[in-house]
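K.L.:
Mind looking over this structure? Questions follow.
The values are calculated or read from the model by the stated rules, or taken from the named source; none is laboratory data. From a predicted model like this one, the values you see are computed outputs, not experimental measurements. FYI the Cβ positions are ideal-geometry reconstructions off the backbone, even for glycines, and counts take in every protein chain you see. When the accessible area is computed, the model is the full protein with side chains, heavy atoms only, and any ligands, DNA or RNA have been set aside. Shrake-Rupley method; radii C 1.70, N 1.55, O 1.52, S 1.80 Å.
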Amino acid sequence: MRMYDIIEKKKQGKELSKEEIEYIIREYSADKLPDYQVSALLMAIFFKGMTMDETVNLTMAMANSGDVLDLSKINGIKVDKHSTGGVGDKTSLVVAPIVASLGVPVAKMSGRGLGHTGGTIDKLESFTGFKTVISDDDFIKQVNDIKIALVGQTANLAPADKKLYALRDVTATVNQKSLIASSIMSKKIASGADKIVLDVKCGSGAFMNNYDDAYDLATIMVNIGEMVGRETIAVISDMNEPLGRYVGNALEVKEAIDVLSGKGEERLTDLCITLASNMYMMGSDTDSYDLAKEEVLRVIREGKALDKLAELVKTQGGDENQVYHPETLPKALYCMDVLAEQDGYLASCKTSEVGMTSLILGGGRETKESEIDLSVGIRIDKRLGEHVDKGERIAVLYANESEKLEDAKKRFVNAYTFSDTEVKAEPLIKKIISRKDIMA
Ligand code: URA
């Protein structure tokens, strides 16, 4: 097989065979193909696309390029949850304890934040002493004992994806739906989940800016899951403004605790309940969404989901008292109010710019090596569609270095536009795509 011929074939828009795709992944992983040839192929894929068969073959070749976790020693159906990435997205911190408190095992490997998006593992480190690295045996034992473990990615999961992603990143080929879908699904498949719930973000803070693209991406991922025997559903949710009221690690942990205590902001709570109800349905023999939702609401009301978070924190070496006393989580030294500079309705938000504001305050990473400050971030007082008067507070910025506040404020203010006429906010949940939708 010659890489030249494969590039030529894709350039002509033809379908690559399973053997050709496996050859590319095997040889590239072993450093036997030069970046310039793989870059040319990626660009050909970017323009010509991939069929569903090619996408599945790529997914499986990448999933099998490193460790594939065997979770069969964990009792029950393992349902994983993945978000395509957004700002203020703390849903895993809420959904995982809810589902675990209902007896469905959650064996979750999560990532760290990079650029304008946050990561679950960083957020969890806001609890004093919380360990995000545990051995594979302890991971399995913990899930069997308490139904939940949330750890950083230690296993060598889908290394071919890591290498290919780095190349996509520097060749302007990240934003291709089949490549994104196979990248995400390869890691989910390698991490051993039986079933997968995806939260596909759509809007100015997401990979997919508009509904049609988010719908296509979600459909491709549900199809991949179906074709490889891992039932997958995708919730398409709005990311045209940050999710919830807070952005920043410890601030988001506090907000997650609010939701688990039944006092969360409405849109965030709705999304968490939707994701958790779907996960519970997939991991149990409940086949009615309404009954699943009732159970989810019950464990929140009875405090069982919050207790499960405390049990998780304690088991992984953290201070579980902070779950019941979130005021003891890391706090920044300085704060600054952001006031509206004009009257009007909040009309639009460049959500990624709000993420960048948090990064300027010290709460995000510019490179993988950057240190982050867990205590800093943003409280957002106004949602899109709300009317504000000039001088009214729209947000509060939190920092440990006061000189960062002015720059951050400029960035935040520029993220929003105002309108004189009423503006309707986007619905939060735009569509849920499951097996029956792709069969139709
Ligand atoms: N997240 C991933 O893991 N891969 C992509 O290609 C895009 C988002």
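K.L.:
Please state which of the following conditions THR173 fails to meet, knowing it meets all the rest: (1) away from the ligand (no atom under 11 Å from the Cβ); (2) closer than 25 Å to ALA30 by Cα; (3) outside any helix (DSSP H, G or I).
P.N.:
(1)
K.L.:
Okay, next question. Pairs only if they're at least six apart or on different chains, beta carbon under 6 angstrom, first in region 318-330 and at negative phi, second surrounded by fewer than 17 Cβ atoms within 10 Å (Cβ to Cβ) and not in a loop (DSSP other than H, G, I, E, B); list them, first residue then second.
P.N.:
From residues that are at negative phi, the pairs are GLN322/THR328.
K.L.:
Of everything in region 58-89 that's of a type in the set (Val, Ile, Thr) and under 30 Å from GLU252 (Cα atoms), which residue is nearest to the ligand (Cβ to nearest atom)?
P.N.:
Among residues in region 58-89 that are of a type in the set (Val, Ile, Thr) and under 30 Å from GLU252 (Cα atoms), the one nearest to the ligand (Cβ to nearest atom) is THR84.
K.L.:
Which of the residues belonging to region 7-30 are over 30 Å from the mean Cα position of the chain (by Cα) and either assigned by TED's automatic domain parsing to the domain that holds ALA181 or part of a loop (DSSP other than H, G, I, E, B) (or both)?
P.N.:
Passing the criteria: GLN12, GLY13, LYS14, GLU15, LEU16, SER17.
K.L.:
Hey, could you check region 176-196 for residues that are away from the ligand (no atom under 11 Å from the Cβ) and hydrophobic (A, V, I, L, M, F, W, C) and say which is modelled with the lowest pLDDT? Break it down stepwise before answering.
P.N.:
From region 176-196, those away from the ligand (no atom under 11 Å from the Cβ) are 189-196; that's our starting set.
With the extra rule that they be hydrophobic (A, V, I, L, M, F, W, C), the set shrinks to 189-190, 193, 196.
Values: ILE189: 95, ALA190: 94, ALA193: 91, ILE196: 96.
Filtering region 176-196 for residues that are away from the ligand (no atom under 11 Å from the Cβ) and hydrophobic (A, V, I, L, M, F, W, C), the one modelled with the lowest pLDDT comes out as ALA193.
K.L.:
Looking at GLU327, GLU371, GLU341, GLU366 in this structure, which one is part of a helix (DSSP H, G or I) and surrounded by fewer than 20 Cβ atoms within 10 Å (Cβ to Cβ)? Spell out the reasoning first.
P.N.:
Details: GLU371 fails: part of a helix (DSSP H, G or I); GLU341 fails: part of a helix (DSSP H, G or I); GLU366 fails: part of a helix (DSSP H, G or I).
Residue meeting the stated conditions: GLU327.
K.L.:
Does VAL296 meet the test of being closer than 24 Å to ILE372 by Cα, in a helix (DSSP H, G or I) and open to solvent by less than 50 Å² (accessible area, probe 1.4 Å)? Working first, answer last.
P.N.:
On the way: closer than 24 Å to ILE372 by Cα: no; in a helix (DSSP H, G or I): yes; open to solvent by less than 50 Å² (accessible area, probe 1.4 Å): yes.
Against the criterion (closer than 24 Å to ILE372 by Cα, in a helix (DSSP H, G or I) and open to solvent by less than 50 Å² (accessible area, probe 1.4 Å)), VAL296 does not qualify.
Okay, residues lined up against (1) open to solvent by less than 10 Å² (accessible area, probe 1.4 Å); (2) in a loop (DSSP other than H, G, I, E, B):
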residue	(1), (2)
ALA193	yes, yes
VAL197	yes, no
TYR215	no, no
ILE220	no, no
ASN223	no, no
ILE236	yes, no
LEU243	yes, yes
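K.L.:
Please count how many residues of region 143-169 are more than 16 Å from the ligand (Cβ to nearest atom), out of contact with any Lys or Arg (no Cβ under 9 Å at 6 or more places or on another chain) and assigned to a loop (DSSP other than H, G, I, E, B). Please lay out each step first, then the result.
P.N.:
We begin by selecting, within region 143-169, every residue more than 16 Å from the ligand (Cβ to nearest atom); these are 143-151, 154.
Right, trim to out of contact with any Lys or Arg (no Cβ under 9 Å at 6 or more places or on another chain) and you get 145, 154.
Subsequent filtering for residues that are assigned to a loop (DSSP other than H, G, I, E, B) retains 154.
Residues in region 143-169 being more than 16 Å from the ligand (Cβ to nearest atom), out of contact with any Lys or Arg (no Cβ under 9 Å at 6 or more places or on another chain) and assigned to a loop (DSSP other than H, G, I, E, B): 1 in total.
K.L.:
Quick one: is ILE140 within 16 Å of the ligand (Cβ to nearest atom), out of contact with any Cys (no Cβ under 8 Å at 6 or more places or on another chain) and part of a helix (DSSP H, G or I)? If you could, list the steps in order and put the result at the bottom.
P.N.:
Values: within 16 Å of the ligand (Cβ to nearest atom): no; out of contact with any Cys (no Cβ under 8 Å at 6 or more places or on another chain): yes; part of a helix (DSSP H, G or I): yes.
When the stated conditions are applied, ILE140 does not pass them.
K.L.:
With ASP31, ASP53 as the choices, which residue is closer than 21 Å to ASN156 by Cβ and either more than 16 Å from the ligand (Cβ to nearest atom) or open to solvent by 20 Å² or more (accessible area, probe 1.4 Å) (or both)?
P.N.:
Being closer than 21 Å to ASN156 by Cβ and either more than 16 Å from the ligand (Cβ to nearest atom) or open to solvent by 20 Å² or more (accessible area, probe 1.4 Å) (or both) holds for just one of ASP31, ASP53, which is ASP31.
K.L.:
Filter region 382-440 down to residues that are aliphatic (A, V, I, L, M) and either under 18 Å from GLY364 (Cα atoms) or in contact with a helix residue (DSSP H, G or I) (Cβ under 8 Å, 6 or more places away or on another chain) (or both), then give me how many there are.
P.N.:
Filtering region 382-440 down to residues aliphatic (A, V, I, L, M) leaves 384, 388, 394-397, 399, 405, 408, 413, 415, 423, 425, 428-429, 432-433, 438-440.
Pick out the ones that are also either under 18 Å from GLY364 (Cα atoms) or in contact with a helix residue (DSSP H, G or I) (Cβ under 8 Å, 6 or more places away or on another chain) (or both) and you get 395-397, 399, 405, 408, 415, 428-429, 432-433, 438.
The total comes to 12.
K.L.:
VAL79 passes all but one of (1) in contact with a Ser or Thr (Cβ under 7 Å, 6 or more places away or on another chain); (2) of a type outside the set (Phe, Trp, Tyr); (3) more than 22 Å from TYR246 (Cβ to Cβ); which number fails?
P.N.:
So VAL79 meets the others, but not (1).
K.L.:
Another question, then. Just checking, how many residues over region 344-363 are more than 19 Å from ASN209 (Cβ to Cβ) and part of a loop (DSSP other than H, G, I, E, B)?
P.N.:
2
K.L.:
Condition (residue is in a helix (DSSP H, G or I) and crowded, with 17+ Cβ neighbours inside 10 Å) applied to region 104-119: is it met by at least one residue?
P.N.:
Taking region 104-119 first, the residues in a helix (DSSP H, G or I) are none.
No; the residues of region 104-119 include none that is in a helix (DSSP H, G or I) and crowded, with 17+ Cβ neighbours inside 10 Å.
K.L.:
Would you say GLY111 is among the small types (Gly, Ala, Ser), within 12 Å of the ligand (Cβ to nearest atom) and touching a residue at least 12 places away in the same chain (Cβ under 8 Å)? Lay out the reasoning, then the answer.
P.N.:
Working: among the small types (Gly, Ala, Ser): yes; within 12 Å of the ligand (Cβ to nearest atom): yes; touching a residue at least 12 places away in the same chain (Cβ under 8 Å): yes.
Spelling it out, GLY111 is indeed among the small types (Gly, Ala, Ser), within 12 Å of the ligand (Cβ to nearest atom) and touching a residue at least 12 places away in the same chain (Cβ under 8 Å).
K.L.:
Among (1) open to solvent by 40 Å² or more (accessible area, probe 1.4 Å); (2) within 15 Å of the ligand (Cβ to nearest atom), where does GLY205 come up short?
P.N.:
If we test GLY205 against (1) open to solvent by 40 Å² or more (accessible area, probe 1.4 Å); (2) within 15 Å of the ligand (Cβ to nearest atom), just (1) comes out false.
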